[in-house]
Amino acid sequence: MREVSVQRLKDGDVLAKDIFSSNGKILLGKGVVLKSQYITRLQQLGMHGIYIEDDLTSDIIIEDVISDKHRFEAMATIEKSCKAIQIEKGHSIDVKDSVSNIVHDILFKKDIMISLMDMRNIDNRVYAHSVNVCVLSTVLGKGLGLPTEKLNELATGALLHDVGIVNLPKEVTNKRGLLTSEEKELYQTHTTQGYDLIRKKTQTSIIIAHMAYQHHEWTNGKGYPRQLKGTAIHPLAEIVAVADFYDCLIHGSPGVPRVLPHVACEIMMANAGVRFRQELIHIFLQYIAAYPTGYTVKLNNGETGVIVGQNKGLPTRPIVRAFEGKVNLKQVRVIEYNLVKERTLFIDYIIE
């Protein structure tokens, strides 16, 4: 399978992975032959890319860091919790099982190289973001050597970090361009609102509330809402901040334009020592694929190929399967380049 921009889909393409709504219902199932009306609907949903079947890449399997079952259970749980948390009395937050499943999946995964492609759409983007931040935070926490108990606390705070957004108008939370000064001021209240909502629930600790409160603070003191600096920021909130910013870069968020993964990695590195502690970025990027498996790329020798594998610790030097010739399989020359060994070869750009 390979990843294709929704804008480049054509009639007859075959879906390689299920597309889900926030409640876990299948919008389009694996194996569906795409028709023009389906493609139009995917574009209307605001999706950027999906996985399709391809004879030349049929052996490529894109594995999520956590199981599809646990991902969509977590999305349903955070949606339910966001609705419950808005009610002052009589409703509790119960994300324990979802958090435990995510932490378990990550702890028992040997080699983690994250290629985030969760095919979010307009109706589930807040919940998909929350689950991604939970996964990314847990992976970083594991990389830092946090014990399981602390990982569970971190994952809980990460899953709930954006609950304050549920009170904001959708025209602000769904906006992907630059925010006006009034919209920006309103959007930035989500950290305080999230803190206030979580701390009123007896099932959650004050540390979890502070992850919602502090995940937009910068290590240089130029974040919000309190302009905390350095060690004044809670260590778990720092982790969530890294995960939140990366996912916002990959998928876009209010005031943050979407960029490609290798660009996001460059931006993260540029913010080491500015927004985030250098140690956190150094460890975080060890688990991120700058060029995710399944993406189509153009090499500096003019050939087009698909990323088919990763080299741990060398995120910009993946394994590329290049194609030459006509689409007819009998006339296509296929060659694989391991960019660790092919030192004169580089990826010029990702073909969206």
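Filtering the stretch 31-63 to residues that are within 21 Å of the chain's Cα centre (by Cα), modelled with pLDDT of 85 or more and assigned to a loop (DSSP other than H, G, I, E, B) leaves only Ile60. Checked against the criterion of being in a loop (DSSP other than H, G, I, E, B), of a type outside the set (Ser, Thr, Tyr), within 28 Å of Asn124 (Cα to Cα) and free of Cβ contacts under 8 Å to residues at least 24 places away in the same chain, the candidates Val259, Val263 yield just one match: Val259.
Of the residues screened, Tyr246 is one that is of a type in the set (Ser, Thr, Tyr) and either in a helix (DSSP H, G or I) or within 12 Å of the chain's Cα centre (by Cα) (or both). Among the residues of the stretch 166-208, the ones that are in contact (Cβ under 8 Å) with a residue 40 or more places away in the chain, assigned to a helix (DSSP H, G or I) and under 20 Å from Asp94 (Cβ atoms) come to 5 in all.
Scanning the stretch 64-75 for residues that are outside any loop (DSSP other than H, G, I, E, B), buried (at least 19 other Cβ atoms within 10 Å of the Cβ) and modelled with pLDDT of 85 or more gives His70, Arg71, Ala74, Met75.
Here the condition is being of a type in the set (S, T, N, Q) and loosely packed, with under 15 Cβ neighbours inside 10 Å; of Thr219, Thr148, it holds for Thr148 alone.
When restricted to residues that are within 21 Å of the chain's Cα centre (by Cα) and either on the phi > 0 side of the Ramachandran plot or free of Cβ contacts under 8 Å to residues at least 40 places away in the same chain (or both), the stretch 279-314 contains 11.
The values are calculated or read from the model by the stated rules, or taken from the named source; none is laboratory data. Remember, predicted model here, so these are calculated numbers, not experimental data. Every residue, glycine among them, receives a Cβ derived from its backbone with ideal geometry; neighbour counts consider all protein chains shown.
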